[in-house]
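Notes follow once the structure below has been shown.
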Amino acid sequence: MSPRRDIEDEQRYHRPQRRTRPRTKDRPAHEEAVEGLVTTIDRGRYTLEVTDEDGEHPVTAMTARALGRKAVVVGDRVRVVGDVTGAEGTLARIVEVTERTTTLRRSADDDDSVERVIVANADQLVIVTSVANPEPRTGLIDRALVAAFTEGLAPVLCVTKLDLADPAELLDAYRPLGVKVLGVRRGADLTGLRDVLHDRVSVLVGHSGVGKSTVVNALVPGTDRATGVVNAITGRGRHTSTSALALRLPFGGWIVDTPGIRSFGLAHIEPNQLIAAFDDLEPLTDDCPRGCTHAASEPECALDDALAEDRVDPERVASFRRLLDSRTRPV
């Protein structure tokens, strides 16, 4: 049996209470903070492009604890304090993320309802696909278009390797959606693409091996984004870019090059979000029953009534429903 302790012992061994000040909702104003654009993220370190009285220069920063993990993504406009000279060995601190105008999101898998922001504050989504080697995979194109339409990004389809095959069939599939289409040949003039990207923030997405990094290197000379080859057996490209990177275009604007992706989960997007992006189709669904997804399998969808009465373009409805179906169709 342990020896009995008297009152004096209790006072002697009593754990002292932690001395803390009452928490307050007041937060530092950080009036000295400067603004910056997040251009890339690597292992918890953020590279920013900061503009101050000394001009424009890169700064390495970390996030303030109050922001939490994964609160900052490429494309975010932030306020930063500390050493913002950008000198070697210095580390500034991100204290605020300004309000985002747009976000490009995806879930990791089709059964994952947790959405993850990939890029913030973009104006348009450029979906890069090759007409051959590798073959175009319309599943990813469709899903990327769903993300663009629901997030308010202008979609652009950039078709590469036109010297290998005729892109007519691919282009016909997307013409009813009114998507802007551009063709790119290796070594050819990129004036058309530059005009589309000029003074805008554009996100480039696409499978590995479609020529995305080649396009980036042509648009921003000296970037040297790694380019790879396509596996002759699988027909798929090897991942050459490992992290998203925002690059200033020499003719005005920014492009965000994203790693080659093989999946684009859309579990977080509901049918009503997608139909809202189609100004000509949404009013036709006013008479749909509650819970209607507007898919072809719905028995009482008002879109079918509009088709029967010839009040809507059948190709337009078919294209919309293909995008709707892509949310759950394997890529």
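The values are calculated or read from the model by the stated rules, or taken from the named source; none is laboratory data. Model, not experiment: these values are computed from the prediction. Note: ideal-geometry Cβ built from the backbone for every residue, glycine included; neighbour counts use all protein chains shown.
Annotations for the structure displayed:
- Within the option set 196, 205, 210, 216, being in the same structural domain as residue 142 (by TED's automatic domain parsing), closer than 17 Å to residue 153 by Cβ and modelled with pLDDT under 95 holds for one residue only, 205.
- Wholly within region 35-115, strands (runs of 3 or more DSSP E) carrying at least 1 residues that are of a type in the set (A, V, I, L, M) and closer than 26 Å to residue 145 by Cα: 103-107
- Within region 240-331, helices (runs of 4 or more DSSP H) holding 3 or more residues that are surrounded by 13 or more Cβ atoms within 10 Å (Cβ to Cβ) and touching a His at 6+ places or on another chain (Cβ under 9 Å): 271-275, 314-326
- Contacts under 6 angstrom Cβ, first residue in region 76-91 being closer than 18 Å to residue 39 by Cβ and outside the structural domain of residue 40 (by TED's automatic domain parsing), partner surrounded by 15 or more Cβ atoms within 10 Å (Cβ to Cβ) and aliphatic (A, V, I, L, M), 6 or more apart: none
- Test result for residue 245, in contact (Cβ under 8 Å) with a residue 60 or more places away in the chain and out of contact with any Cys (no Cβ under 6 Å at 6 or more places or on another chain): yes
- Failed item, numbered, when residue 94 is tested on (1) modelled with pLDDT under 95; (2) surrounded by 15 or more Cβ atoms within 10 Å (Cβ to Cβ): (1)
- Residue 39 vs. criteria outside the structural domain of residue 115 (by TED's automatic domain parsing), crowded, with 18+ Cβ neighbours inside 10 Å and either on the phi < 0 side of the Ramachandran plot or at pLDDT 95 or above (or both): yes
To keep it simple, each residue is scored yes or no on (1) more than 20 Å from the chain's Cα centre (by Cα); (2) modelled with pLDDT of 95 or more.
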| site | (1), (2) |
| --- | --- |
| 83 | yes, no |
| 86 | yes, no |
| 102 | no, yes |
| 108 | no, no |
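- Residue within region 167-178 that is within 30 Å of residue 101 (Cβ to Cβ), surrounded by 13 or more Cβ atoms within 10 Å (Cβ to Cβ), at pLDDT below 95 and of a type in the set (Ser, Thr, Tyr) present: yes
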